[in-house]
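Some notes on the structure that comes next.
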Amino acid sequence: MPQLIKEQTAEETWKQILKHIMKKGEGFIDNKKRLCKEALNVTAVIENVKDITKPIEILNSFDKWVYPPLDEIKSAILGRTDTSGYYYNYGQRAFGYNGLNQVDDYVIPILKKNPTSKRAIVVFYGPEKDSLPLKKEASGVVMMNFNIRSGKLHTTMVIRSNDMFYGWPGNIVQAFYLADYISKELNYPLGTITTISISAHIFEKQFEHIKKVLKEK
Amino acid sequence: MQKTKQQIISVLKENGSSLSTAEIVSSLSKEYDELKNKSDSLSKQRTGQLHRKILYHINLLVESGILRLEKHGEKGAKFFSLNLGEDEKIIEINSNYGKRITIQRPEMPVMPIEGYEKQGIVLKFEPNSWIDKLNSIVVMCNQAENAKSLHDIISKAFSAVNDCICLENFESIINKGDTSLLLKRLNSECEDYGKKISVIVNINNLKQESLENILGLIIRMKNIDFIYSLEQEELEEKFALMSKIVSAYAGNKRPLYIKNNKIQKAPYFIGRAGPYRIGEREWQNKKGASCIACSQSCIIIDVDKFYSSYGLDVRKFTDLLMKISRSFLSANSMQRRKAGVYFKNILQFDKPNENELLDLSRNYIRFWNFGLLQPNIDQALLMNMINEAKKEVDEFSMAEETIYNSCGMSTRFRIALSNASKKSETSLSSPKFKKIEIQGLEDIYKPKTRKEILGIGEVTDLFNGGNDVTFHRTGNLVVKDIIKEISVIMANYSLPFFSYDFKSLEEENATTD
């Protein structure tokens, strides 16, 4: 069942997503034999992007793992080269995939010309690479869309497979960095950030940590 | 013409961001600046001419990679900027429009191991190139056309490696003809650059006479170690060749390295830091790259110094290993982002497989003087301590990979354990571990030796990054006996890699009786 979660802050949105999947998610075993809980088509709207990094701060407070630093997250989404250290690069796909600079050559000019355009889209998923049957690591973010409404730049990110505990906090920050880059070029303030997670899931190993985030016993 | 290009670059350097063609032309030509707002046809014609002239030079600079087209502005205006990476700056343009760039050394991030470093417990291997170089790489010789093309690859790889280059399937080059010149050049280049080369030769695929011709040279190469990869049965089948090899190594008191091909088909080799090993299962899934990184960064723990300060404490030892793991993570984060700059030479020759370079690589934690076979150290407690720490390190690595993957920064982060070589660092404590000495076949069957070898085997299973097991041969040199001993070791113990040290042999003439 599709679910809409709409909250003021990134932290509150994240907690509501986790609560929803913990309660309503259906159990299944993934291809790596991990037990997960999954909810399909979860749409989450963050109204105010001011404290967008708060979920990452909460994750880092566990002191059990090290979340990618913000400058690395930023360079992953805004970097233009195909860095061999990663299996794929969002930045390279946005700014130079198959020779196309989707952001500077299409999204920004389109919105400059027609601020109400519905074609301001950046596609990250490359079927010729990511849909190969034996491909292990494929782009999770399918596309991003930018809409100017009521004088603000609103961002939508579609994620085909979304680890809502570890992954989503990083995804919204990536969405923020790209939206921020575009908003500065267009001179519009940032509006909402919406994520549409087709498979929104959490893993059994994370349940204990999630309960701590939600302050549940 | 060259002057115009220099001027374009200067304008962009001064401005610091992207400029449109019109802005660049305006900065370079007073005439354009004066005419651009005039509406008469003559002025328009002239501004068009000036615009096209500058655009021609801009396009040449884009083609040569010095500028990049940043974006399209309103009315199709093009914006250009200098095409530089984070650590690059243009200091000279030569006549071919090439740029000379300088790459700054990365600043070492603050790491939670500095306290241990001050106590001499923890040492970074090659600290000056800890982030911007790989420890070791494997070059697939069977993908090189001949000795010359292999040399070209190795020459390029030298700049990206701070310890060892492994040449896998080197028999494919030996079988093609004389490799004396190549080996001499490589040995001398290793001396110049302070590197080691490990050469893996698969005995079964080798033309016997090709190796015999260069055997005399091989044992004189100070910086090149040959590793003979074979199965136990092949010792008998290739007895004549193996006799010559053993006789040459023992006679010259050079260490003889054997890889048991039945246990380990993937590369297993030796550098200054210690042994290197690539996981068997991962090797089977290797794709088409001709150059594969084996180790990214390495930290050596002088475990004896750790015991002196903290005792044989499982918790404290695990804490130390976890702090090292976190240090690797921040080092890898920097390395990953600039892999294209640091390893440019390797990536260039391995197109289109350049993204596979780090597919099998790991970071290495190496233990020195860790108490193996040391009388005053409880061996069961020692093994438990390393085992428990390894479990947490593995769990941490897996969690980090999951986190990176889940936020779309899919990458590899693995840590391997191995032993350290004394040669890796001069400040390491004096060796306290017991050497395994063998005088003859009977020694291998003695319960005491058997127990010791089995103990070493356990460590080898734990050290997924490789374990250098050395048998110190004493007594007389009888080649046939040594081959028999090697055969028994290969048949009875699950040691994927071991060496024979002949330094303690009595000075007598070798015999193949």
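Read-outs: derived from the displayed coordinates by stated rules, not from any lab. If you're wondering where the values come from, they're calculated on a predicted model, not measured in any experiment. As a convention, Cβ positions derive from the backbone with ideal geometry for all residues, glycine included, and neighbour counts pool all protein chains shown.
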Practice problem: Summarise the partner chain shielding of B:331-343 as one whole number: the mean count of Cβ atoms from other chains within 10 Å of each residue's Cβ. | Solution: 4
Exercise. Provide A:33, A:54, A:212, B:287 in ascending order of the number of other Cβ atoms located within 10 Å of each residue's Cβ, fewest first.
Key: A:33, B:287, A:212, A:54
Quiz item: Within 10 Å of each Cβ of A:61-74, how many other protein chain Cβ atoms are there on average?
Solution: 4
Quiz prompt | Size of electric dipole in chain B: Cβ of Lys, Arg +1 and of Asp, Glu -1, about Cα centre, debye, nearest 20 | solution = 1680 debye
Quiz item: Fewest to most neighbouring Cβ within 10 Å: what's the order for B:336, A:160?
Solution: A:160, B:336
Exercise. Please give the average number of partner chain Cβ atoms lying within 10 Å of the Cβ of each residue in B:396-406, rounded to a whole number.
Key: 6
Exercise. Pull out the extension gain between residue B:209 and residue B:77, defined as 0.36 nm times the separation in residues minus the alpha carbon to alpha carbon distance; nm, one decimal.
Key: 40.7 nm
Quiz item: Placing +1 at every Lys and Arg Cβ and -1 at every Asp and Glu Cβ, with all other atoms neutral, what dipole size does the protein assembly as shown have around its Cα centre, in debye to the nearest 20?
Solution: 2080 debye
Quiz prompt | Point-to-point label distance, residue B:45-residue B:452, nm (Cα→Cβ direction, 7 Å offset) | solution = 9.8 nm
Self-check item: Relative contact order computed over chain B (Cα-Cα under 8 Å; 6+ residues apart), in percent
Solution: 14 percent
Self-check item: Full-stretch length increase - residue A:187, residue A:128 - with 0.36 nm per residue and alpha-carbon distance subtracted
Solution: 17.7 nm
Quiz prompt | Sites residue A:212 and residue B:488 - FRET efficiency at Förster radius 51 Å, r taken between beta-carbons, to 0.05 | solution = 0.35
Quiz prompt | When segment A:46-198 is reduced to its Cα atoms, the Kirkwood hydrodynamic radius in Å | solution = 16.0 Å
Quiz item: Going 7 Å from the Cα of residue B:480 toward and past its Cβ, which residues in segment B:428-467 have a backbone nitrogen under 20 Å from where you end up?
Solution: B:439-445
Quiz item: Relative contact order for segment A:46-198 using alpha-carbon pairs under 8 Å, separation at least 6, rounded to a whole percent?
Solution: 24 percent
Quiz item: Once label points are set 7 Å from the Cα along Cα→Cβ at both residue B:470 and residue B:37, what is their separation, rounded to one decimal in nm?
Solution: 8.2 nm
Self-check item: Cβ-derived FRET efficiency at R0 35 Å, residue B:119 paired with residue B:445, nearest 0.05
Solution: 0.20
Quiz item: When averaged across all projection directions, what area in nm² does the alpha-carbon convex hull of the protein assembly as shown cover?
Solution: 37.4 nm²
Exercise. Compute the long axis of helix B:379-406 from its Cα atoms, compare it with the longest principal axis of the Cα atoms of chain B, and write down the angle in degrees, 0 to 90, nearest 10.
Key: 20 degrees
Exercise. Please give the calculated 222 nm ellipticity per residue for the protein assembly as shown, where each DSSP H segment of at least 4 residues contributes -39500 (n - 2.57) and the sum is spread over every residue; nearest 500 deg cm²/dmol?
Key: -12500 deg cm²/dmol
Exercise. Report the trypsin sites (Lys or Arg not before Pro) located in segment A:121-159 that are in a DSSP loop and have at most 16 other Cβ atoms inside 10 Å of their Cβ, or state none.
Key: A:135, A:136
Quiz prompt | Rounded tilt (10° steps) of B:2-15 against the dominant C-alpha axis of chain B | solution = 80 degrees
Quiz item: For segment A:2-65 and segment B:185-213, what is the separation of their Cα centres, given in Å?
Solution: 55 Å
Quiz item: Can you name the helices of chain A, as whole DSSP H runs, whose Cα span along the helix axis is 24 Å or more and whose Kyte-Doolittle mean is not below -1.0?
Solution: A:167-186
Quiz item: Over chain B, how many percent of alpha carbon pairs lie in each 20 Å bin up to the one with the longest distance?
Solution: 20, 45, 23, 10, 2, 0
Self-check item: For A:195, A:116, A:83, order by how many other beta-carbon atoms lie within 10 Å, fewest first
Solution: A:116, A:83, A:195
Quiz item: Going down the table (A:74/B:13; A:50/B:323; B:316/B:503; B:78/B:287), which pairs top 30 Å between alpha carbons?
Solution: A:50/B:323; B:316/B:503; B:78/B:287
Exercise. Set the Förster radius R0 to 22 Å, insert the Cβ-Cβ distance between residue A:205 and residue B:319 as r into 1/(1 + (r/R0)^6), and round the FRET efficiency to 0.05.
Key: 0.50
Exercise. Would you mind calculating the gained length between residue B:191 and residue B:30 on full extension (0.36 nm times residue separation, minus the Cα-Cα distance), in nm to one decimal?
Key: 52.2 nm
Quiz item: Once both axes come from the Cα atoms, what is the angle between helix B:41-63 and the longest principal axis of chain B, in degrees from 0 to 90, rounded to 10?
Solution: 0 degrees
Practice problem: Extending each Cα 7 Å along its Cβ direction at residue A:40 and residue B:13, get the distance between those two points in nm, one decimal. | Solution: 6.0 nm
